Amino acid sequence: MATGAPGAGGATASGKPVSTTRVAIQNFAFSPATVTVKAGTTVTWTNQDSEPHTVTAKSGAGPNSPTLDQGATYQYTFTRAGQYSYLCTIHPFMLGTVVVTP
């Protein structure tokens, strides 16, 4: 599920703190390519390239951004443990992974 404003922090409706991790999209790559987070963490991708990109789960549940122009951000909160592989549908050689721990 996508969440609110870029860099949004604070607490969830249950009062638990919200953790965030950032991934840059630059030089036609996700940086870092792999991140490990705890369940409940929101990952924020920011497109720093002049070309548009997406953040799209390779299969099943996961991130599914609209096209991100330069400077645009996308957030997704990972609520379940697992490994989530994703790519840019415009440039499918761009690959990334989010590993979610309990």
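Some points to look at:
- Taking 0.36 nm per residue of separation and subtracting the current Cα-Cα distance, fully stretching the chain between Arg80 and Ala57 would add 6.8 nm.
- Evaluated at q = 0.12, 0.23, 0.29 Å⁻¹, a Debye calculation over the C-alpha positions of segment 35-102 (equal weights, vacuum) places log10 I(q)/I(0) at -0.28, -0.97, -1.33.
- Sequence of Leu87, Leu95 once ranked by neighbouring C-beta atoms within 10 Å, starting from the fewest: Leu95, Leu87
- Comparing Cα centroids, segment 34-68 and segment 84-102 end up 7 angstrom apart.
We did not get these values from a lab; they are worked out from the coordinates using the rules stated. Treat the numbers as computed from the prediction; the structure is a model and nothing was measured. Neighbour counts run over all protein chains shown; Cβ positions are idealised from the backbone, glycine included.
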